[in-house]
Amino acid sequence: MGLKVEQALHMVGGSGETSYATNSRLQEKAIYRTKPVLATTIEEMYKGLLPEHMVVVDLGCSSGSNTFIVVSQVLDIIVELRRMMEMKKPLEVQFFLNDLPGNDFNYVFQSLDKFKNKVEEESKGELLVPYYVVGVAGSFYGRLFPCASVHFFHSSYCLMWLSQVPEELENDQGVSLNKGNIYWTETSSSQVEKAYREQYKKDFLTFLRSRYIELNIGGGMMLTFLGRRKRTPGHGDLCHLWRLLAEALNSMVLEEIIPEEKVSTFNLPIYGPSLEEVKSIIHHEGLFDLDRVEIFESSWDPFDDSGDDSFDLSNYTKSAKNVADCIRAVVEPLIVHQFGDVILDDLFTRYAQNVLKHLLKEKANHTILVIALKKRV
């Protein structure tokens, strides 16, 4: 049976060297990059509804400073919008921060006072919009809120995660159909590709149906997640990123550090859809209007801001470690769940070496999909 993500999926908590809070610059860049879409989407929603009590939900909030960047951006957008509209009508904003139960919510709320103090300092003590922040633990692949209770959903770097590993990755005899891999790759069979694609479709439909019920009339969403430009895997897509991690695991099998069976039964609950897949599901279901679509590239290396494929990276070794640190902060709990924690340092050292070899051949980018949706009446 496929691994349920609630059992093991969460980012590395705390603020240590390997934590998500320390190694989430890649996700931070996407949040800042997509702020114009966020501003336009919220402006249209607010002008259409003019609520006195506005509910905003961040799905897959994780932990660290990125969580409060989103809260800060929404507050800035609303305050400026009300100032331009010369709004005197009172408004309160309720933020719900959602993630799976394993998320480090303690770290999130230990950081809340610091965030509030920063907001107060920047507004010079004049809080123009009262706001409240609470946490909600649970999977967004299902209902989380009462009917028509939410005005706006935001999610960044989350919807490529599946609710579970596809069950169809084994044959009737229990033999792995994806042996030697941990994700769909160019060498995987059509059965593996179909299993991942169907699991994604099922999960995304559940997500859309749940949010449709929870959204108020006139409400909307902005979703940012990893994907791919073409139907088949391309340069820099997730299949290459995870292939290098699979190679590191397989090298440890050859050295008898971990058993082959452990790797053969390990598959990641993740899928980077093509834009065509995403649009097809949205249009076919007919619950939302697709207001905006953007697609952009972001270097595997979180600290590479060049935005230029011809960028000459002066320190490939450091860049490879940046990539490995970023990935470790995301998948370490899944690795520990399957293999234990003893192999972690060795595994990600090997992974960094594999990434280095890849970067010496070509610069690698993630493909980021951004979509803004409005609930249909």
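The values are calculated or read from the model by the stated rules, or taken from the named source; none is laboratory data. Quantities reported herein were computed from a predicted structural model and do not represent experimental measurements. Don't worry about glycine lacking a Cβ; one is built from the backbone with ideal geometry, like all the others, and counts go over all protein chains shown. Side chains included, ligands, DNA and RNA excluded: accessible areas come from the protein's heavy atoms. Shrake-Rupley method; radii C 1.70, N 1.55, O 1.52, S 1.80 Å.
Assorted remarks:
- By the helix-only formula, in which each DSSP H run with n ≥ 4 contributes -39500 (n - 2.57) and the sum is divided by residues, the chain has a 222 nm mean residue ellipticity of -14000 deg cm²/dmol.
- Mean-square fluctuations from a GNM of the chain, with a 10 angstrom spring cutoff on Cα atoms, peak among ILE257, ILE281, ILE327 at ILE257.
- In percent, rounded to a whole number, the relative contact order of region 232-377 is 42, using alpha-carbon pairs under 8 Å and six or more apart.
- Accessible carbon and sulfur surface of the chain relative to its total accessible area, %, 1.4 Å: 50 percent
- Two-site FRET efficiency, GLU52 against GLU168, from Cβ-Cβ distance with R₀ of 51 Å, rounded to 0.05: 0.55
- For region 243-294 versus region 47-78, the spacing of their alpha-carbon centroids is 28 Å.
- For region 26-102, the solvent-accessible area works out to 40 Å² per residue, with a probe of 1.4 Å and every protein chain left in place.
- Result for the chain in a Gaussian network model with C-alpha springs under 10 Å: among LYS179, LYS262, LYS361, the largest mean-square fluctuation is at LYS361.
- Relative contact order, whole percent, for the chain stands at 23, derived from Cα pairs under 8 Å and 6 or more residues apart.
- Residues in region 251-276 that a label on VAL175 would reach, taking backbone N under 20 Å of a point 7 Å out along Cα→Cβ: 260-267
- Relative to the current alpha-carbon distance between ARG229 and GLU261, full extension at 0.36 nm per residue lengthens the span by 8.2 nm.
- Spatial separation of Cα centroids for region 358-377 and region 125-156, in angstrom: 24 Å
- Chain lengthening between ARG209 and LYS88 when straightened (0.36 nm per residue, less Cα-Cα): 40.0 nm
- In this calculation the C-beta distance from ARG25 to ASP341 is compared with R0 = 22 Å, giving a FRET efficiency of 0.35.
- Computed over protein heavy atoms with a 1.4 angstrom probe, the accessible surface ordering of TYR32, TYR107, largest first, is TYR32, TYR107.
- FRET efficiency, 1/(1 + (r/R0)^6) with R0 35 Å, evaluated for VAL253 and ALA137 via beta carbons: 0.45
- Long-range HN-HN contacts of GLU170 with modeled amide H, under 5 Å: LEU177
- Between VAL136 and LEU97, ASN98, ASP99, the built amide H atoms are under 5 Å apart, and every one of these is 5 or more places off in sequence or on another chain.
- Hull shadow area, averaged, region 221-282 [alpha-carbon convex hull, nm²]: 5.6 nm²
- Calculated from backbone phi, Karplus (6.51, -1.76, 1.60) coupling profile of region 321-331 in Hz, x at Gly/Pro: 5, 4, 5, 4, 5, 4, 5, 4, 4, 8, 9
- In degrees, nearest ten, helix 238-254 long axis to first principal axis of the chain (Cα): 40 degrees
- For the chain, the longest principal axis of the alpha carbon atoms and the long axis of helix 65-85 meet at an angle near 30°.
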